[in-house]
Amino acid sequence: MPALPPYIIEPIWEQFCALLPQREVKHPWGSHRPRIDDRLVFDKLVQILVFGCAYERISDESCSATTLRRRRDEWIGSGVMEKLQEITLDAYDRIVGLELSDVAVDCCITKAPCGGEKAGRSPVDRGKQGIKRSTVVDAKGIPLGSIAAPANRHDSPLLEETLDTLEVLGELPERMSVHLDRGYDSQTIQEKLKCRGLEPMISEKGKPAPLQATKRWVVERTNSWNNAHKKLVWCTERRDRVIDFWIAFSEVIITVGRFVREAWTRYRWESRPR
């Protein structure tokens, strides 16, 4: 059984392949071991992301764990995943349309048993190492940007850095509401949002705020979509740029999946999935 349906992974791979830097196919001396095909490595990285397995578990005689890590670092250095994320959001915006008049921000804490640069004592897991992921989504739950931080960081200080990820979208709507839970309810947060020209929609402390009655439930759903990729739930990576790579990869898959779902009801094309 494939890790992802072909109608999701094939367009991602085609665009990802187009962004890869050109390499010399043959060694000048002709005596080196042949380079492992990029598609093979890509498929195995998809399996690692979705199933959360270790590199050694997914490696075999066709591709070693060392090759997987080395090729991953090579792609991180070239910044192809960040470019792919921007292209995916731009394509979704042009064909379906991002709903940026209402955005929602929230955090999600996951496990980090190996510690690392983005790990901290988790307040919800008996002080074990964890990572906090702060995500901003549009009104339909399309992930627009995320940052990773230690699990013991409070949500509110991460808000500005999370909103800074919206810069890649270019010009934003004039009246833009930001929906937040009561953990962001403070005068400081409201002033910072108003300085950015944003309208704060924050659940007040001490008052009931059913999730279904607000517009921030979409970010909770997006966090669930991210957590379906088990590499993010049980993150054994220690370097921050590797963690950012996996988060961006997860968001690309989510965006393309929603892209196909939305386009399925609006357009017709030859390879349209049933």
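The values are calculated or read from the model by the stated rules, or taken from the named source; none is laboratory data. Everything numeric here is computed off the predicted structure, so don't read it as measured data. When we count neighbours, we look across all protein chains shown, and the Cβ atoms used for this are built from the backbone with ideal geometry, even at glycine. Surface areas here come from the heavy atoms of the whole protein model, side chains and all, with no ligands, DNA or RNA. Shrake-Rupley method; radii C 1.70, N 1.55, O 1.52, S 1.80 Å.
Structure summary
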item	result
Some residue of segment 255-264 being touching a strand residue (DSSP E or B) at 6+ places or on another chain (Cβ under 8 Å), in contact (Cβ under 8 Å) with a residue 40 or more places away in the chain, closer than 20 Å to Ala149 by Cβ and open to solvent by less than 10 Å² (accessible area, probe 1.4 Å)	no
Only listed residue being under 15 Å from Asp244 (Cα atoms) and open to solvent by less than 20 Å² (accessible area, probe 1.4 Å), chosen from Lys83, Lys132	Lys132
Selected residue (criterion: nearest to the chain's Cα centre (by Cα)) from residues of segment 86-115 that are over 18 Å from Pro143 (Cβ atoms) and surrounded by fewer than 20 Cβ atoms within 10 Å (Cβ to Cβ)	Lys111
Any hit, segment 52-70, residues being within 18 Å of the chain's Cα centre (by Cα), part of a helix (DSSP H, G or I) and buried (at least 17 other Cβ atoms within 10 Å of the Cβ)	no
Cross-chain or 6+ apart pairs with Cβ under 6 Å, segment 182-200 first and over 11 Å from Leu159 (Cα atoms) and part of a strand (DSSP E or B), then open to solvent by 40 Å² or more (accessible area, probe 1.4 Å) and not hydroxyl-bearing (Ser, Thr, Tyr)	Pro200/Gln190
Pairs with Cβ under 6 Å, 6+ apart, first in segment 76-98 and in contact (Cβ under 8 Å) with a residue 12 or more places away in the chain and hydroxyl-bearing (Ser, Thr, Tyr), second part of a loop (DSSP other than H, G, I, E, B) and surrounded by fewer than 20 Cβ atoms within 10 Å (Cβ to Cβ)	Ser78/Pro21
Tally, over segment 222-273, of residues that are in a loop (DSSP other than H, G, I, E, B) and hydroxyl-bearing (Ser, Thr, Tyr)	4
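Yes/no per residue for (1) within 9 Å of the chain's Cα centre (by Cα); (2) among the hydroxyl-bearing types (Ser, Thr, Tyr); (3) over 21 Å from His179 (Cα atoms):
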{"residue": "Val233", "(1), (2), (3)": "no, no, yes"}
{"residue": "Val242", "(1), (2), (3)": "no, no, yes"}
{"residue": "Phe245", "(1), (2), (3)": "yes, no, yes"}
{"residue": "Glu251", "(1), (2), (3)": "yes, no, no"}
